[in-house]
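What follows is a set of notes on a single structure, which appears directly below.
The values are calculated or read from the model by the stated rules, or taken from the named source; none is laboratory data. This is a predicted model, so every value here is computed, not measured. Cβ atoms come from the backbone with ideal geometry, glycine included; neighbour counts cover every protein chain shown.
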Amino acid sequence: MSRLITAIEIDGAGGHPGAWRGPDVDPGAILTGSLALRAVQRAEAAGIDIATFADTLEAPADEAGAVSVRLDALGLAARIAPATSRIGLLPTITVTHTEPFHVQASVATLDYVSSGRGGWVADVSTSAEAAAVIGRREPAPAADLWREARYVVDVSRRLWDSWDDDAIIRDAPTGRFVDRDRLHYVNFESPTFNIKGPSIVPRPPQGHPVVAVRVNTPEALEAAADAELVLLSATAGVEEQLAVLRAAGSPLVLVSVAVLLDEDLKAAERRAAGGSFDYVGGVEGLAELVREFQAAGVDGVHFRPASLELDVPVIAEKLLPLLQVTAADRPGTTLRNRLGLTRPANRYAEGAAR
Amino acid sequence: MTKQIHLAAHFPGVNNTTVWADPESRSQIDFASFKHLAATAERGTFDFFFLAEGLRLREVKGRIHDLDVVGRPESLTVLSALAAVTTHLGLAATVNSTFNEPYELAKRIATLDHLSGGRAAWNVVTSWDAFTGENFRRGGYLDKADRYVRAQESLRIVRKLWDSWTDDDLLLDQEAGVFAREGTGAFADEGAHFGIHGRFGLPPSPQGRPVVIQAGDSDQGRDFAASGADVIFSRHGSFAAGQTFYKDVKDRLAKHGRTEESLKIMPAVTVVVADTDAEAVEKARHIREQQVSGPTAIVLAELIWGRDLSAYDPDGPLPTEDPVIGSNVTQGRAGFNDPAAIIKEWREAAEANGWSLRQTVINQQNRQTFIGSPETVATEMNRHVQENAADGFVLVPHLTPGGLDDFVDRVVPLLRERGVFRSEYAGTTLRSHLGLTP
């Protein structure tokens, strides 16, 4: 069986709405980013491959008892980049009301500041709330928005390719900083937007930062065919969806599980009240569940911990050793290397001789 | 009363001020370069680090301009990363108000403000051209006349979102289970350019709200700055022009109910320091020659003449033609308001000194603002501030990333000795460094 890929979700103080109220949790650290930073550093030290960062364009719902603030995921991931060295950083970025040109430039920049550990979880905004805070488009059906998202992913990759890797020549005799024949207009046209290019950012360290899609609807399942990494909901038909994704050529599929860990089952159930989880219990049981997913053919697991402060240390120190995941056996310096993905050739570059 | 000087470090830009052919020049895109300059600025107890923005690669005669540095990162992402490796330095992002929406700007900049503990600034710029618009959903949708209307409305709404929470709304009451006061952050706005409503998801940062910087120089731009900016990033670095600009802008503040201290004027300046004044003059000349190669001299002249001058020899005389007004021979950078006057001045100078086209460009266009020994530069900078030609400076180095090392090591100690510049940070927020109230 191939090496298990592991990922962890960063969302406020954790996936449980009341996680911020937990003992030893400093809720103010959600806003400074230090709660997220500590969780990602713990995950990195334990050998976890990827941190994903939850986000929506609109603010979280103003619900009693829950965290009603959220930092921009891209900014948070960039803040964490210099304070980590091996873990991949994938903020959620929505594409429905945002500018594709900015999105690709930001992800390319994240790849630079993390020395090749950048990527993103592409998402759409279907809500009326998201449409209202921007005020330019009416809410649209998910199928339409995911269709557009595929164009955004496509143009992002084209813009990352709009600079050849060797476009910067610094040729003093001719006075040229770049060879403009190695910069390319993408002239991209889609039903909802057009982009001329080239990108403002040189080709990022990984060539293409890693594109992930979270699948929890049939529309997203279809769009996930373009992603290199799929986060598949654990709640329904993992095997069927996996078959669809494999047929579409998805390279890496992780099953995404909301988890709350405590060896004391009564205590675990008390903590779980008010939340929604795929697994509540001790680490042995979760390890068993992960092995079942692995046997079903998934490439790895995306943990969504109930509490960053309580559950991440348990995942890091107790669960991962059971799964034989260690920090030592991860190859490569970039996220693509680590995941066994090749660095893509540039579609515009002519010949390999240069 | 002795004024305190404010200083900012500008990351070298994509124009010919930046010398890339020097052996000391390093990557314009690797994070290590940003870290180096930010560390230098923080060692020098600067107020802030400043990043410009690009949304389309510049073109000359329909082709990508290849003689200057090309390519840069997205500002807010780099600055969020710099927040991790700095502790006090302000972090200023240039972000366009034409091709971004207020809600997203407010959220992203407020995020940087929180992640840095209250050190974020937004330099509000506008564009209107269809050239830049070709990279965006709406294309070139905005009239030139409308760009400040949209910018002003955009800034007003961004501020409204930043102000949509009071300092008391974040409760963090773990016992009672109340994170924030219910209903906080709600907003709605209708204007000529925007119609939005919803809830803003971030409370005030330790500095209240991010600092706002503005760079416009037209009458409209100055009014915009006087109505709402905390800092003006001006282009009037010379003493006389600086004083005129300073008075003009500060005089506009009263009608907006603002004090003179509430707006800091910081011109972009270049500095050349050497052991003696004579050596500095020689070094400055050498840098200008590096900045203006023969092909660059032609391109800079084309920017003023508005026509193709590629048939001219940069080492020969100035072109004899008249300028073309409103030409688009160069795209993606600011043009000149009165090219005929500049050309007249250039011709007179060239004739008087026997200069070639390249020599004329070198001498007329790229002269550094402060040239001299550390002592001379410190004295001159202080004079500009004390005599109201500026409140401080945005220093634009010609080398990436070590271009301010000399200044910080040699001039900053002298400014500190004179008691006109801090020796250590008194506070932790950018507003505190700038002496601004929220």
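Take the conditions over 22 Å from B:Val411 (Cα atoms), among the hydroxyl-bearing types (Ser, Thr, Tyr) and within 14 Å of chain A (Cβ to nearest Cβ) and apply them to B:Ser227. Does it pass? Explain how you work it out, then say what you get.
Details: over 22 Å from B:Val411 (Cα atoms): yes; among the hydroxyl-bearing types (Ser, Thr, Tyr): yes; within 14 Å of chain A (Cβ to nearest Cβ): no.
Answer is no for this residue.
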Looking at (1) surrounded by fewer than 23 Cβ atoms within 10 Å (Cβ to Cβ); (2) not in a helix (DSSP H, G or I), which one does A:Phe177 not meet, given that it meets all the others? (1)
Considering every residue within the range A:201-216, establish whether at least one is of a type outside the set (A, V, I, L, M), out of contact with any strand residue (DSSP E or B) (no Cβ under 9 Å at 6 or more places or on another chain), surrounded by fewer than 22 Cβ atoms within 10 Å (Cβ to Cβ) and more than 19 Å from A:Ala345 (Cα to Cα). no
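What about B:Gly185, is it more than 10 Å from chain A (Cβ to nearest Cβ) and either in contact with a strand residue (DSSP E or B) (Cβ under 7 Å, 6 or more places away or on another chain) or in contact (Cβ under 8 Å) with a residue 12 or more places away in the chain (or both)?
Working: more than 10 Å from chain A (Cβ to nearest Cβ): no; either in contact with a strand residue (DSSP E or B) (Cβ under 7 Å, 6 or more places away or on another chain) or in contact (Cβ under 8 Å) with a residue 12 or more places away in the chain (or both): yes.
No, not satisfied.
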Among (1) more than 10 Å from chain B (Cβ to nearest Cβ); (2) farther than 23 Å from B:Lys107 by Cα - the single one A:Val178 does not satisfy: (1)
Residues satisfying the stated conditions in the range A:296-325, i.e. in contact (Cβ under 8 Å) with a residue 60 or more places away in the chain, assigned to a helix (DSSP H, G or I) and more than 26 Å from A:Pro27 (Cα to Cα): A:Leu320
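I need a count of the residues in the range A:153-169 that are within 19 Å of B:Gly54 (Cβ to Cβ) and of a type outside the set (Ser, Thr, Tyr). Can you show your working first?
Residues of the range A:153-169 within 19 Å of B:Gly54 (Cβ to Cβ): A:155-156, A:158-164, A:167-168.
Filter again for of a type outside the set (Ser, Thr, Tyr), leaving A:155, A:158-161, A:163-164, A:167-168.
Here the count works out to 9.
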Looking only at strands (runs of 3 or more DSSP E) that lie completely in the range A:80-172, which have at least 2 residues being within 21 Å of B:Leu76 (Cα to Cα) and away from every other protein chain (no Cβ under 13 Å)? A:88-94, A:119-123
Residue check, A:Asp62 surrounded by fewer than 24 Cβ atoms within 10 Å (Cβ to Cβ), modelled with pLDDT of 95 or more and out of contact with any helix residue (DSSP H, G or I) (no Cβ under 8 Å at 6 or more places or on another chain): no
Please go through (1) surrounded by fewer than 16 Cβ atoms within 10 Å (Cβ to Cβ); (2) in contact with a Leu (Cβ under 9 Å, 6 or more places away or on another chain); (3) not basic (Lys, Arg); (4) not in a helix (DSSP H, G or I) for B:Ser327 and return the number of the only condition it doesn't satisfy. (2)
Return the residues of the range B:380-438 that are of a type in the set (Ser, Thr, Tyr) and within 19 Å of the chain's Cα centre (by Cα); say none if nothing qualifies. B:Thr400
Counted residues, the range B:244-295 - those being in contact with a helix residue (DSSP H, G or I) (Cβ under 9 Å, 6 or more places away or on another chain), over 30 Å from A:Phe177 (Cβ atoms), surrounded by 14 or more Cβ atoms within 10 Å (Cβ to Cβ) and not charged (D, E, K, R): 6
I'm trying to understand the selection: among the residues of the range B:220-252, which are closer than 26 Å to B:Asp163 by Cα, assigned to a loop (DSSP other than H, G, I, E, B) and not small (Gly, Ala, Ser)? B:Asp230
In the range B:122-141, is there at least one residue being aliphatic (A, V, I, L, M) and farther than 30 Å from A:Asp179 by Cβ? yes
Criterion: part of a helix (DSSP H, G or I), acidic (Asp, Glu), away from chain A (no Cβ under 14 Å) and under 27 Å from the mean Cα position of the chain (by Cα) - qualifying residue of B:Glu302, B:Glu289, B:Glu282, B:Glu348: B:Glu302
Considering only residues that are part of a loop (DSSP other than H, G, I, E, B), more than 10 Å from every other protein chain (Cβ to nearest Cβ) and touching a Ser or Thr at 6+ places or on another chain (Cβ under 6 Å), which ones fall in the range B:150-166? none
Taking the range A:1-48, which residues are farther than 16 Å from A:Pro82 by Cα and of a type in the set (Asp, Glu)? A:Glu9, A:Asp11, A:Asp24, A:Asp26
Within the range B:167-182, identify whether any single residue is touching a Gly at 6+ places or on another chain (Cβ under 9 Å), assigned to a loop (DSSP other than H, G, I, E, B), facing chain A (nearest Cβ under 10 Å) and buried (at least 20 other Cβ atoms within 10 Å of the Cβ), and answer yes or no. no
How about the range A:11-50: which of its residues are under 30 Å from A:Leu252 (Cα atoms), surrounded by fewer than 21 Cβ atoms within 10 Å (Cβ to Cβ) and of a type in the set (Asp, Glu)? none
Here are the criteria: (1) among the hydrophobic types (A, V, I, L, M, F, W, C); (2) in contact (Cβ under 8 Å) with a residue 60 or more places away in the chain; (3) within 30 Å of A:Pro173 (Cα to Cα); (4) in contact with a strand residue (DSSP E or B) (Cβ under 7 Å, 6 or more places away or on another chain). Tell me which single one B:Leu303 does not satisfy. (2)
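Tally up the residues in the range A:286-307 that are over 21 Å from A:Ser250 (Cβ atoms) and in contact with a strand residue (DSSP E or B) (Cβ under 7 Å, 6 or more places away or on another chain), please. Steps first, please.
Initial filter on the range A:286-307 (over 21 Å from A:Ser250 (Cβ atoms)): A:286-289, A:291, A:305-307.
This time we only want the ones that are in contact with a strand residue (DSSP E or B) (Cβ under 7 Å, 6 or more places away or on another chain), so: A:286, A:289, A:305-306.
So the count comes out to 4.
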May I ask you to verify whether B:Thr428 is in a loop (DSSP other than H, G, I, E, B), buried (at least 24 other Cβ atoms within 10 Å of the Cβ) and of a type in the set (S, T, N, Q)? no
Any residue in the range B:52-66 that is crowded, with 21+ Cβ neighbours inside 10 Å, over 30 Å from B:Ile157 (Cα atoms) and not β-branched (Val, Ile, Thr)? yes
Kindly check whether there is at least one residue in the range A:270-291 that is at pLDDT below 95, surrounded by fewer than 20 Cβ atoms within 10 Å (Cβ to Cβ) and within 28 Å of A:Ser2 (Cβ to Cβ). no
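Select from the range A:172-185 the residues that are in contact with an Asp or Glu (Cβ under 8 Å, 6 or more places away or on another chain) and not basic (Lys, Arg) and list them in ascending order. Don't jump to the end; show me each part of the working.
Of the range A:172-185, the ones in contact with an Asp or Glu (Cβ under 8 Å, 6 or more places away or on another chain) are A:176-180, A:182-184.
Answer for the range A:172-185, where residues must be in contact with an Asp or Glu (Cβ under 8 Å, 6 or more places away or on another chain) and not basic (Lys, Arg): A:Phe177, A:Val178, A:Asp179, A:Leu183, A:His184.
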Among the residues of the range B:192-219, write down those that are in a strand (DSSP E or B) and either within 13 Å of chain A (Cβ to nearest Cβ) or surrounded by fewer than 18 Cβ atoms within 10 Å (Cβ to Cβ) (or both). B:Gly195, B:Ile196, B:His197, B:Gly198, B:Arg199, B:Ser205, B:Gly208
Across the range A:1-54, what is the total count of residues that are charged (D, E, K, R), part of a loop (DSSP other than H, G, I, E, B) and within 14 Å of another protein chain (Cβ to nearest Cβ)? 3
Yes or no: B:Pro12 more than 7 Å from chain A (Cβ to nearest Cβ), surrounded by 23 or more Cβ atoms within 10 Å (Cβ to Cβ), assigned to a loop (DSSP other than H, G, I, E, B) and of a type outside the set (Val, Ile, Thr)? yes
